Amino acid sequence: MLQNAIDWASRPGLKSPLAGKPVAIMGTSVGVAGTARAQQQLKLVLMSTLALVMPHPGVLVGQAPEKFDASGALSHEPTRLFLVAFLNDLEAWVRRVRQS
């Protein structure tokens with residue numbers, strides 16, 4: 001469903017509003033592997049829109065119920081630190097893309 005929405009939003013073809021836009025991929029899941037397969041598919045879809053996918057393996061937050069509290073706040077400190085580093089990398093990626 002997300003793939004279809006991105007495909008629809010990226011029209012017309014080579015004039016996609018996503019073209020040249022920096023993007024990053026992250027996800028969470030109750031399973032151990034997080035959203036690994038979905039992220040691989042999403043990366044392909046985003047690349048086909050000419051979006052500039054950040055060269056990073058992505059963020060796979062598995063076993064989400066153990067890492068978020070009842071209010072939905074991230075309570076797992078190692079994951080929080082990893083996300084902070086990822087967001088810093090995303091900021092640097094956006095700056096590099098803007099300069100080119």
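The values are calculated or read from the model by the stated rules, or taken from the named source; none is laboratory data. The structure displayed is predicted, hence computed values, not measured ones. Cβ atoms come from the backbone with ideal geometry, glycine included; neighbour counts cover every protein chain shown. For accessibility, only protein heavy atoms count, side chains too; no ligands or nucleic acids. Shrake-Rupley method; radii C 1.70, N 1.55, O 1.52, S 1.80 Å.
Rounded to the nearest 10 degrees, what's the angle between the helix 36-48 long axis and the longest principal axis of the chain, both from Cα atoms, 0 to 90? Computed tilt is about 20 degrees. Heavy-atom accessible area with a 1.4 Å probe sorts GLU91, GLU66, largest first, into GLU66, GLU91.
Normalised per residue, the accessible area of the chain is 69 Å², obtained with a 1.4 Å probe and no contribution from ligands, DNA or RNA.
Between the entries (i) 103; (ii) 111; (iii) 123, the label attached to volume of the Cα convex hull per residue in Å³ calculated for this structure is (ii). Taking the Cα centre of each part, how many Å lie between the range 64-100 and the range 1-43? Centre-to-centre distance over Cα atoms comes out at 18 Å. 3J(HN,Hα) along the range 71-81: 8, x, 7, 5, 10, 8, 4, x, 5, 4, 5 Hz, from the Karplus curve 6.51 cos²θ - 1.76 cosθ + 1.60 with θ = phi - 60°, whole Hz, x for Gly and Pro. Out of the total accessible area of the chain (probe 1.4 Å, heavy atoms of protein only), what percent is carbon and sulfur? That share works out to 62 percent.
Can you give the calculated 222 nm mean residue ellipticity of the chain, where each DSSP H run of n ≥ 4 adds -39,500 (n - 2.57) and the sum is split over every residue, rounded to the nearest 500 deg cm²/dmol?
For the chain, the value works out to -14500 deg cm²/dmol.
Considering only alpha-carbon pairs that sit under 8 angstrom and 6 or more positions apart, the relative contact order computed for the chain is 27 percent.
Sorting the segments 9-15, 29-35 by their mean number of nearby beta carbons within 10 angstrom, highest to lowest, gives 29-35, 9-15.
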